[in-house]
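Values in this text are rule-based calculations from the coordinates and carry no lab data. The model shown is predicted, which means the values in this text are computed figures rather than measured ones. When we count neighbours, we look across all protein chains shown, and the Cβ atoms used for this are built from the backbone with ideal geometry, even at glycine.
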Amino acid sequence: MGLLRTILTAPAVAPVRFADWTARQVLEAAEREVYDPSRIRQSLAELSERFDRGELSADEFDRLEDELLDELEEAERYQGLR
């Protein structure tokens, strides 16, 4: 009966499965982008350049650098879990 039920309900369940699969793919892509250490390192380099050009005060630089370093630590931890 399980096989028959699967065959008969497949058309009704397919859109739900597709939506679930799509949502998981989007979530995984977003996580790869958010937890990309190279993106965060690039942001750190840009932050340093902005500080060197005088666009940021030392306090602003320190605060933003700390945030990015925390992000980098979290990203590296995330990468280790995958």
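Here are the numbers:
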| read-out | value |
| --- | --- |
| Student exercise, the chain dipole from Lys, Arg, Asp, Glu Cβ charges, in Debye to nearest 20 | 1100 debye |
| Tail fraction, Cα-Cα pairs, the chain, threshold 17 Å, whole percent | 64 percent |
| GNM result for the chain, Cα springs below 10 Å: residue of Val26, Val16, Val34 fluctuating most strongly | Val16 |
| 3J(HN,Hα) from dihedral phi, region 44-51, Karplus parametrisation 6.51/-1.76/1.60, rounded to Hz, x for glycine, proline | 5, 5, 5, 4, 4, 5, 4, 5 |
| Backbone HN-Hα couplings from phi across region 54-61 [Karplus 6.51/-1.76/1.60, Hz, Gly and Pro as x] | x, 7, 10, 7, 4, 5, 4, 4 |
